[in-house]
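Every number in this text was worked out from the coordinates using simple rules, so none of it is lab data. Fair warning: this is a prediction, and the values are worked out from it, not measured in the lab. When we count neighbours, we look across all protein chains shown, and the Cβ atoms used for this are built from the backbone with ideal geometry, even at glycine.
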Amino acid sequence: MEQYWSGSAINENKGMVENLQRYGIIKSSKVAETMEKIDRGLFVPNGVQPYIDSPMSIGYNATISAPHMHATCLQLLENYLQPGMHALDVGSGTGYLTACFAMMVGPNGRAVGVEHIPELVSFSINNIEKSAAAPQLKDGSLSVHEGDGRQGWPEFATYDAIHVGAAAPEIPQPLIDQLKTGGRMIIPVGNVFQDLKVVDKNSDGSISIRTETSVRYVPLTSKEAQLKE
């Protein structure tokens, strides 16, 4: 809900990343390196300024999150996005964060995006094909699928990291089930008032949940309900 900078002063991806470091959102070199490699400018609709710190409409009542939210989620998930790990991006939208996940887990890992709007699935694949993550799309370690993200994507479960890019009234059980023991999920929860929840699955299978910050996301809902809004 915060905005760390606005206007067109930042006109390149590297400047956006440097600002995120300056404001203390990006704390690790790995996250900075990943966000430098995946140019946000390739993942926003034509005609918008991609590097301002603001969410943007991508059509179909969906948005791409502000850069500081993407950086926050990558920081929270960094230890669960190590080479060889599996990551799931629910409501993958433009494919930006899915591509970042792919860069972090590498070709020996797996990054999976799930999006229920078919036009956004096509849009995201086209975006990824232009990005540094294109080789992983080609070798199959990165894939984007059309489906109801509330059901996760069982084919490649379990996942070390799960990110949900829309707000759920409660945490969907299939996502908890598909989270690996020792894994972490980041999910906004709530209706009018939302909190970004950090969900850890402990070694005994129990779940620990804490609140990271207040947020405002579009709702995690069915395709029909989303298009009707």
Hey, which of these cross-link pairs are over 28 Å Cα-Cα: LYS130/LYS180; LYS30/LYS180; LYS138/LYS197; LYS30/LYS138; LYS27/LYS138?
-> LYS130/LYS180; LYS138/LYS197; LYS27/LYS138
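Can you classify the range 45-92 as rounded, prolate or oblate using the Cα gyration tensor, where a ≥ b ≥ c are the square roots of its eigenvalues, rounded means a/c under 1.5, and otherwise it's prolate if a/b beats b/c and oblate if not?
Values: a/c = 2.84, a/b = 1.85, b/c = 1.53.
Since a/c reaches 1.5 and a/b is larger than b/c, the shape of the range 45-92 is classed as prolate.
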Dipole of the chain, Cα-centred, from +1 at each Lys and Arg C-beta and -1 at each Asp and Glu C-beta, to the nearest 20 debye?
-> 260 debye
Which chymotrypsin sites (Phe, Trp or Tyr not before Pro) in the range 96-204 pass both tests, a DSSP loop state and at most 11 other beta-carbon atoms within 10 Å?
-> PHE193
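Where both residues lie in the chain, what percent of DSSP beta bridges are antiparallel, nearest 5? If you can, show how the numbers build up before the last one.
Values: 18 of 38 bridges.
Antiparallel bridges make up about 45 percent of those DSSP assigns within the chain.
Going by average Cβ neighbours within 10 Å, how do the peptides 83-95, 60-72 rank, with the highest at the top? Don't skip to the end; give the middle numbers.
Details: 83-95: 24.5, 60-72: 21.6.
For the peptides 83-95, 60-72, the packing ranking is 83-95, 60-72.
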When Rg and Dmax of the Cα atoms in Å is calculated directly from the model, which label among (1) 16.0, 49; (2) 23.8, 83; (3) 21.8, 70 fits?
-> (1)
Across GLU170, GLU146, GLU12, the residue with the highest GNM fluctuation in the chain (Cα network, 10 Å cutoff) is GLU170
Taking LYS14 as the anchor, which aspartates and glutamates have their alpha carbon closer than 13 Å to its alpha carbon, excluding any fewer than eight residues away along the same chain?
-> GLU33, GLU36, ASP39
Cα→Cβ-extended label distance, 7 Å offset, between GLN151 and GLU18, nm = 4.7 nm
